[in-house]
Amino acid sequence: MITTALIIAQAEAAGQAAGQPQPMNTLLFFAPFMVLMFAWIYFQGRGQKKKDKEREEMISAVRPGDRIVTIGGLHLKIVSTDKPDTVIALLDDNKDVKIKINRSAISKVVNSKDAPKDKDEKKAKE
């Protein structure tokens, strides 16, 4: 019992003399890495919020007559936007086939009535 206590005391003394890292030194060593990690996470989330906001604005600006592409790859023409969360779109002009889709299924607006078709028209409007 006494010999065990002596061995433990000698090991602790040898560890301190050998220069084993103290807990505070370890914390100071990792602090810059933690700061960089949190900064990286913050700026990554900030960029995603910006993209989400732009997509939400695009979806809310959809009007009848706009041509869209859904997340499933369907190319449609908007007919009606009466409800806040759904739109009615025309699938085939010749057969007058209409389908109802959620606004969240809109991937992008291909051709909008209000938006100029190319850069030259954009300059001409200004």
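Read the figures in this text as sums done on the coordinates, not as results from a lab. Small disclaimer: the values here were computed from a predicted structure and weren't measured. So basically every Cβ, Gly included, is an ideal-geometry build from the backbone, and we count neighbours across all protein chains shown.
Taking region 31-66 as the range and being surrounded by 11 or more Cβ atoms within 10 Å (Cβ to Cβ) and free of Cβ contacts under 8 Å to residues at least 40 places away in the same chain as the test, the residues that pass are 37, 55, 56, 64.
Each residue in region 38-78 was checked for being among the hydrophobic types (A, V, I, L, M, F, W, C), touching a strand residue (DSSP E or B) at 6+ places or on another chain (Cβ under 6 Å) and more than 13 Å from residue 103 (Cα to Cα), and 0 pass.
Name the single residue that is surrounded by the most Cβ atoms within 10 Å (Cβ to Cβ) among those in region 84-111 being basic (Lys, Arg) and closer than 19 Å to residue 55 by Cβ.
Taking region 84-111 and keeping what is basic (Lys, Arg), we get 95, 98, 100, 103, 108.
Subsequent filtering for residues that are closer than 19 Å to residue 55 by Cβ retains 103, 108.
Values: 103: 16, 108: 12.
Top of the filtered list is 103.
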